[in-house]
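Heads up: the structure comes next, in structure tokens.
The values are calculated or read from the model by the stated rules, or taken from the named source; none is laboratory data. Quick caveat, the model's predicted, so the values are computed rather than measured. Methodologically, a virtual Cβ is constructed for each residue, glycine included, from the backbone with ideal geometry; neighbour enumeration extends over all protein chains shown.
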Amino acid sequence: MGKRQRDWARRAYDRLIQELGGKCVKCGTTEKLTIDHIEGCEFDHNSVEWSQRVSIYRREAKENKLQVLCDKHNCQKGDPRDRPDDEGQVDLFTETAGTLGDNEPF
């Protein structure tokens, strides 16, 4: 990615943070802010370039799927897909086909 494109993506990212409130929803800080997917990310955002990532973030912001967190709170939250099964994630590899957890149909 060229310097101009990177600069555009950084400015667009910063504008989006401001549009989403400009402060961490947990502690209110305005330092080291990040965009967080409330329910987890539908894509591996680290595998796409900044310009693509910002475009996806803008779409997801319109769908109210994002929030602003400081770096500390975003790291504490982690990725919901990485949480163990007893915290609400269904292990699709050990469940009976056609059921979820307690044998209720999908």
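Summed over the range 1-36, the residues that are in contact with an Asp or Glu (Cβ under 9 Å, 6 or more places away or on another chain), at pLDDT 90 or above and not β-branched (Val, Ile, Thr) give a count of 4. Taking residues in the range 47-63 that are over 19 Å from Arg4 (Cβ atoms), and partners anywhere that are surrounded by fewer than 15 Cβ atoms within 10 Å (Cβ to Cβ) and of a type in the set (A, V, I, L, M, F, W, C), the pairs with Cβ atoms closer than 7 Å and at least 6 places apart or on different chains are Ile56/Phe43. Evaluation of Arg53 against the conditions (1) buried (at least 17 other Cβ atoms within 10 Å of the Cβ); (2) basic (Lys, Arg); (3) in a loop (DSSP other than H, G, I, E, B) shows that the sole unmet condition is (3). Only one of the listed residues (Ile17, Ile35) is touching a residue at least 24 places away in the same chain (Cβ under 8 Å), out of contact with any helix residue (DSSP H, G or I) (no Cβ under 9 Å at 6 or more places or on another chain) and either of a type in the set (Ser, Thr, Tyr) or within 21 Å of Arg6 (Cα to Cα) (or both). That residue is Ile17. Among the residues making up the range 56-77, those that are aliphatic (A, V, I, L, M) and either outside any helix (DSSP H, G or I) or in contact with a Gly (Cβ under 9 Å, 6 or more places away or on another chain) (or both) are Leu66, Val68, Leu69.
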